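Notes follow once the structure below has been shown.
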Amino acid sequence: MGRVTSAASSSSAFDLTALANRALDLASEGGRDIVGVAGSPGSGKTTLARAVARRANELAGAGTAVHLPMDGFHLANATLDALGRHDRKGAIDTFDGWGFAALLERVLAETGNPVYAPAFERNVDEPVAGSIPIPPGTRLVVAEGNYLLVDQDPWSRIPALLAESWFVATPDDERMRRLVDRHTRHGRTVEAATAWARDVDGANAVIIEASRSRADLIVDGTTGLPGDTA
């Protein structure tokens with residue numbers, strides 16, 4: 001699963017088990033830590049984060065790890081309409097970044113009670129509150145999203161909350177192929193999907209790719225990522 005490189009070292013090969021073990025090694029026994037996975041739309045960050053959490057649970061026992069996507073902090077469609085931002089949903093100012101940063105603080109601080117996080121439901125194109133439980137026994141949270149490493153408030157508050165940050169790097173042409181495929185599967189025409197991937201996702205990627213140098217590890221998103229890569 002992927003190839004990981006230190007931001008300061010040469011390339012070396014890693015598989016999913018190695019990535020999961022790395023994340024588990026960062027997580028404190030009797031405590032809780034967060035590994036952050038960032039990347040542009042279509043890079044494979046969601047697929048990687050979900051797979052790492054699943055493999056960590058296989059290695060260390062069910063309930064050890066939880067996958068926590070940033071997408072639950074999309075602003076509601078009615079709010080985007082009121083703000084005039086619906087036509088570029090997914091841009092940095094279409095998320096409740098303050099809310100996401102505050103949730104990560106709660107995840108670290110509140111280890112004695114369940115913490116409930118929202119998820120994004122594609123079938124209704126809206127976030128749904130309280131969808132992701134993080135039980136008291138959770139040791140590792142794999143948080144992922146586009147803007148985790150962007151150097152502007154409130155996103156700049158996030159790296160200090162992470163035990164380690166990873167950036168999933170995937171060439172533009174491969175990301176575009178994945179995005180057009182995804183958007184067409186979710187109901188857009190090929191023309192509309194291509195325009196959205198180019199004009200909306202592409203504009204977001206410019207901001208996101210500029211943040212990759214802040215990551216502790218770079219993951220090659222072209223290898224070993226099954227299914228719908230996000």
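SER156 - would you say it is without any contact (Cβ under 8 Å) to a residue 60 or more places away in the chain, among the polar types (S, T, N, Q) and in contact with a helix residue (DSSP H, G or I) (Cβ under 8 Å, 6 or more places away or on another chain)?
On the way: without any contact (Cβ under 8 Å) to a residue 60 or more places away in the chain: yes; among the polar types (S, T, N, Q): yes; in contact with a helix residue (DSSP H, G or I) (Cβ under 8 Å, 6 or more places away or on another chain): no.
No, not satisfied.
Only one of the numbered conditions (1) within 13 Å of the chain's Cα centre (by Cα); (2) part of a loop (DSSP other than H, G, I, E, B) is violated by ASP151, and that is (1). Residues that are crowded, with 20+ Cβ neighbours inside 10 Å, within 19 Å of HIS86 (Cβ to Cβ) and not charged (D, E, K, R) within segment 194-225 comprise TRP196, ALA197, listed in sequence order.
May I ask you to say which residue of VAL141, VAL128, VAL107, VAL150 is closer than 19 Å to LEU48 by Cα and of a type outside the set (D, E, K, R)? Give the steps one after another, and end with the answer.
On the way: VAL128 fails: closer than 19 Å to LEU48 by Cα; VAL107 fails: closer than 19 Å to LEU48 by Cα; VAL150 fails: closer than 19 Å to LEU48 by Cα.
Criteria check complete, one pass: VAL141.
If the condition is being more than 21 Å from the chain's Cα centre (by Cα) and of a type in the set (D, E, K, R), then segment 59-101 contributes ASP81, ARG85, ASP87. Against the list (1) crowded, with 16+ Cβ neighbours inside 10 Å; (2) at pLDDT 95 or above, the condition ASP151 fails is (1).
Select from segment 121-144 the residues that are among the hydrophobic types (A, V, I, L, M, F, W, C) and modelled with pLDDT of 95 or more and write down the one among them that is surrounded by the fewest Cβ atoms within 10 Å (Cβ to Cβ). Outline the logic, then answer.
Restricting attention to segment 121-144, the residues satisfying the condition of being among the hydrophobic types (A, V, I, L, M, F, W, C) are 124, 128-129, 132, 134, 140-143.
From the residues that got through so far, the ones that are modelled with pLDDT of 95 or more too are 128-129, 132, 134, 140-143.
Working: VAL128: 12, ALA129: 10, ILE132: 18, ILE134: 20, LEU140: 25, VAL141: 27, VAL142: 26, ALA143: 26.
Only one residue fits best here, namely ALA129.
The values are calculated or read from the model by the stated rules, or taken from the named source; none is laboratory data. Please read these numbers as outputs of a predicted model, since none were measured by experiment. Neighbour counts are summed over all protein chains in view; Cβ atoms, including those assigned to glycine, are modelled from backbone coordinates with ideal geometry.
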